[in-house]
Amino acid sequence: MTNKKNRLTILGIAAHPDDLDFSASGTFAKWVREGTSCYYLICTDGSKGSDDPKMTEEKLIVLRKKEQKDAAKILGLKDVFFLNHTDTQLTADLTLKKEIVRFIRKIKPDAVVTLDPTFVYSRIRGFINHTDHRAVGQAALDAVFPLARDRLTFQELEKEGLLPHKVKILYLTNFDHPTNIVDISDTIDIKIRALKAHKTQITQKALARVKKWNGILGKKKGYRFAEGFVKLTLPQ
C-alpha cells in the first residue's frame, strides 16, 4: 500500500482493547512492514469484559489498557490512544464524534480502519455484534465524513490548530461480506502474538477460532490466511 517515497498514515478506531487486534491486526502488521505509520484510537475502557468473579472494573481497566499497549508494541504501531468511555455504554453522539474528529485532524490519516456499523449479527458465525462496535463504527463514519472535513464544524478545534482533514480511504472490518481481502499469510504469527497480549480476554480456543476463520477467508483468494474489509475510496 505504500513505499519509501510515499509514506502513509493509518488510524484504527475501535470500541475496546483487542477489537482491532482480532479483526485487522494482521493487516496493520503488514502495513507497518511496508513503512506505514499506524495508530489505534480505543474508545471505551473495556471495564465489563471479564467472567472472573474476582475481577473488578477498576483492575480490568488498568489491565486491558496495558494489554493493548503491549499488543501495539508487537505490531509496531506508532501510538495507541484511549478515550475511556464506559464499556457497553458507548453511543454515537456528538461528544464521541467530536473526540474522534479531534484525533483525525491531529493525526491526519490517509486511511481510517473502523468497525462496520451495518454488521449487526452473523448467521454464519452465530453471534450478535456488540452494541459498542456498532456505535463506534457509526461515530467514526460520521467523523470521517463530513465532520472532520468541514471547516465550519467544531470550529473550536480549528482555533486549537486542528485544521479540517479529508480521509482518502475507509476500511470497515466485515467478517461475513468483505469486498477487500488482504493476504496476511506473512503476518499471521504477529497477529497471534498481539492477540496473546490480551491475557484477560484470549483463550487457546479463541486463537484457534481466529486462525480458522482467517484461513477460510484466505482460501477464497488462494491465500493461507486473510482479513476482510469493506473498502471505500472517498472523493477528495
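Label His177 and Lys220 with points 7 Å out from Cα along Cα→Cβ: what is the distance between them in nm?
Between His177 and Lys220, the label points sit 1.1 nm apart.
Looking at Ile190, Leu141, Cys43, which one has the Cα that reaches farthest to the positive end of the dipole of the chain (charges on Cβ: Lys, Arg +1; Asp, Glu -1)?
Positive-end residue among those listed: Ile190.
Could you line up Arg7, Arg123 from fewest to most neighbouring Cβ atoms inside 10 Å? Show your work: numbers first, answer last.
Working: Arg7 12, Arg123 7.
Ascending number of Cβ neighbours within 10 Å: Arg123, Arg7.
Report, in order of residue number, the helices in the chain meeting two criteria: a C-alpha extent of 24 Å or more along the helix axis, and a mean Kyte-Doolittle hydropathy of at least -1.0; treat each whole DSSP H run as one helix.
Membrane-span-like by this rule: 57-75.
Roughly what would the spin-label model give for Lys166 and Gln89, points 7 Å off Cα along C-beta, in nm?
3.9 nm
Which pairs, out of Lys98/Lys212; Lys98/Lys219; Lys78/Lys219; Lys69/Lys108; Lys168/Lys196, put more than 29 Å between their alpha-carbon atoms?
Beyond 29 Å: Lys98/Lys212; Lys98/Lys219; Lys78/Lys219; Lys168/Lys196.
Give me the one-decimal nm value for the distance between modelled label points at Gln155 and Lys66, 7 Å along each residue's Cα-to-Cβ direction.
A separation of 4.6 nm, rounded to one decimal place.
Provide the packing ranking of 144-150, 199-205, i.e. peptides ordered by the mean count of other C-beta atoms within 10 Å per residue, highest first. List each step's numbers first, then the result.
Numbers: 144-150: 19.1, 199-205: 13.0.
Highest to lowest by the protection proxy: 144-150, 199-205.
So for segment 9-233, taking the charge dipole from beta-carbon charges (+1 Lys/Arg, -1 Asp/Glu), which of Thr118, Leu94, Ala206 sits furthest toward the positive end?
Ala206
Relative contact order for segment 9-233 using alpha-carbon pairs under 8 Å, separation at least 6, rounded to a whole percent?
Relative CO of segment 9-233 lands at 26 percent.
Sorted by average packing, counted as other Cβ atoms within 10 angstrom per residue and highest first, what order do 28-36, 208-216 take? All intermediate terms of the calculation are to be shown ahead of the outcome.
Values: 28-36: 19.9, 208-216: 15.4.
Averaged packing, sorted descending, gives the order 28-36, 208-216.
Give me the dipole magnitude in Debye, nearest 20, for the chain about the Cα centre, with unit charges on the beta carbon: positive for Lys and Arg, negative for Asp and Glu.
Here the size comes out at about 880 debye.
Taking the Kirkwood radius as the inverse of the mean 1/r across Cα pairs, report the Rg/Rh of the chain.
Values: Rg = 17.1 Å, Rh = 17.9 Å.
Computed over Cα atoms, the ratio is 0.95.
Excluding same-chain residues fewer than 8 positions from Lys59, which aspartates and glutamates have a Cα within less than 20 Å of its Cα?
Answer for Lys59, where 20 Å is the Cα cut-off: Asp18, Asp19, Asp45, Asp51, Glu67, Asp70, Asp87, listed by chain and number.
Any read-out appearing in this document is the output of simple, stated calculations on the displayed coordinates, not a laboratory observation. This is a predicted model, so every value here is computed, not measured. Neighbour counts run over all protein chains shown; Cβ positions are idealised from the backbone, glycine included.
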